[in-house]
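Take a look at the structure below.
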Amino acid sequence: MDKQNVRLPSLMQVVLALGIFLALAFSFTAKLDLPIQLALYIGWFVIMALGIKLGHDYKSLEKAATKGIANGLGAVLILLAVGALVGTWIAGGIVPTIIYYGLKAIHPSIFLLATMIICSLTALATGTSWGAAGTAGIAMMGIGQGLGIPAPMTAGAVLSGCYFGDKLSPLSDSVILASSMSNVEVMEHIKGMLPIALISYIITGILFTGAGLHYAGNVDMAQVDSVILAMEQQFVITPMSFIPVIIVLGLLAMRMPSFPVISLGSLLGIVWAVMIQDMDPLVAFNTAWAPFSISSGVDFIDAILNRGGMSSMLGSVAVIVFGLGFGGLLDKVGVLQTIAKLFEKRVNSAGSLSVSTIATAFLGNVFGSAMYVSLILTPKICAKNYDRLGYKRKNLSRNAEFGGTLTSGMVPWSDNGIYMASILGVATFSYAPFMWLSFVCIIVTIVTSYMGWFVDRCPPTSQAEIDAKAEEAELKAQTA
């Protein structure tokens, strides 16, 4: 291939290619009831056709797709482990026990605030929003439905907490990825996010407190009592069921690797299912793969607890694989670079930098269908603007994180959107309006950036220095 004959796509070509993908994504999910995986699969060939027209050869495009997939395979392992954990923790009575005691202890007026706090602490300790949603999140969904709180609002509180804790945890893979791609130390990255994250957390807490007070007067305590009774009839409820939770959270807090720790947690769930719930060992072991099945006579309990297992995650795995490959193709062909150049003409301040970075990260989720695509591509595309204007890279990593991670659960065909919808049992478009922390955090970031608050300056760098930093970030990404 003659590199001199390779060119970037025009804005018209980008609009046409991405328009075709969006049309496929919306029609498949909203109109035709077809899986988004097929839209992503077809999307590969749309971008490949554009790449060939621009002078790329097929082999280089295929290599770019497989390289993109390789960058995020760690997420696939964790996703499968979380699926096993959810299934075995339900079978072992661990999740039902949390729901049982939660219904007894949490007053309806503070439930939404408590949900956000509990999920944020779980994600902060474990470093994974997926793990927090699959454990504490499922439990809080059950408690919320028992209290008569609308499921989409409870899901919004769950996700607000999960993403807040995940963003401030040095154990989080997205934190490590965003910082490394921006050439920023992890703790510097977290310190850069902390002021805006805390302000947004307080504002969101006030909003959920107000919403909780609104629903507190409508709680039917008879329904709560019926749920508690159903839990007692279906499971052996004992404080011993908190032991696996303490072990898993403790190991993750000690910075042990997520995949083996979560896998250990699923093994403990099997042990609890056999020893405490008196389940047949083979049936208990199978819940690590197949969804747990229960018929309690209470519809929403069945809806909350009939889930889990690795097999339930295979659809999300396919989305991640196709999404990462699609993102690799977008990067190779230069689609997002063309969009970034459109933003670049209007970037001349800290405020416009924040807007352009957050917008680029969001588009990475929309068109790359995976948070990892957004966090890999956004710093690569936007870094030179920060260097050119004299703003420290930790501003870049913060804005990429807020724009990429906090919006990933809002895109129905993204890895986070599909995972959160399936694990919480609420459609993405239903819970997205209640992801208040995400909206507040982005608004606060943009406003404070235009005001010049929480913005760190540095001397502007030359083009040669910009290119050197880009090469260093690329090397870090390959070894991250």
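At a glance:
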| quantity | calculated |
| --- | --- |
| Order by protection proxy (mean Cβ within 10 Å, highest first), peptides 10-20, 248-258, 401-411, 37-47 | 401-411, 37-47, 248-258, 10-20 |
| Of Lys67/Lys341; Lys167/Lys392; Lys59/Lys167, pairs whose Cα-Cα distance is over 27 Å | Lys59/Lys167 |
| Given charges at beta-carbon only (K, R positive; D, E negative), |dipole| of the chain in Debye | 1440 |
| Of all accessible heavy-atom area on segment 13-55, the percent that carbon and sulfur account for (1.4 Å) | 75 |
| Listed residues Pro281, Ser263, Leu252: farthest to the positive end of the dipole of segment 72-313 (Cβ charges) | Leu252 |
| Contact order relative to length of segment 1-74, as percent, for alpha carbon pairs under 8 angstrom and 6 or more apart | 39 |
| Mean residue ellipticity (222 nm) of the chain, computed from DSSP H runs ≥ 4 via -39,500 (n - 2.57), nearest 500 | -23500 deg cm²/dmol |
| Of all accessible heavy-atom area on segment 72-313, the percent that carbon and sulfur account for (1.4 Å) | 71 |
| Area of Thr122 that stays accessible when all protein chains are in place (1.4 Å probe, Å², to 10) | 20 |
| Tyr101 accessible area, 1.4 Å probe, all protein chains in place, Å² to nearest 10 | 80 |
| Lys332 accessible area, assembled protein chains, probe 1.4 Å, Å² | 80 |
| Å² of accessible area per residue within the chain, as computed with a 1.4 Å probe and no ligands counted | 39 |
| Exposure rank, largest accessible area first [Asp225, Asp387, Asp278; 1.4 Å] | Asp278, Asp225, Asp387 |
| Furthest towards positive pole of dipole, Asn71, Ala23, Gly87, structure part segment 1-96, Cβ charges | Asn71 |
| Solvent exposure, largest accessible area first (probe 1.4 Å, DNA, RNA and ligands not counted), of Leu121, Leu22, Leu147 | Leu121, Leu22, Leu147 |
| Listed residues Ser120, Gly323, Ala49: farthest to the positive end of the dipole of the chain (Cβ charges) | Ala49 |
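The values are calculated or read from the model by the stated rules, or taken from the named source; none is laboratory data. Just so it is clear, the model here is predicted, and its values are computed rather than measured. All Cβ positions, even for glycine, are placed from backbone atoms using ideal geometry, and neighbour counts span all protein chains on display. Accessible surface is based on the protein model in full, side chains and every heavy atom, while ligands, DNA and RNA are left aside. Shrake-Rupley method; radii C 1.70, N 1.55, O 1.52, S 1.80 Å.
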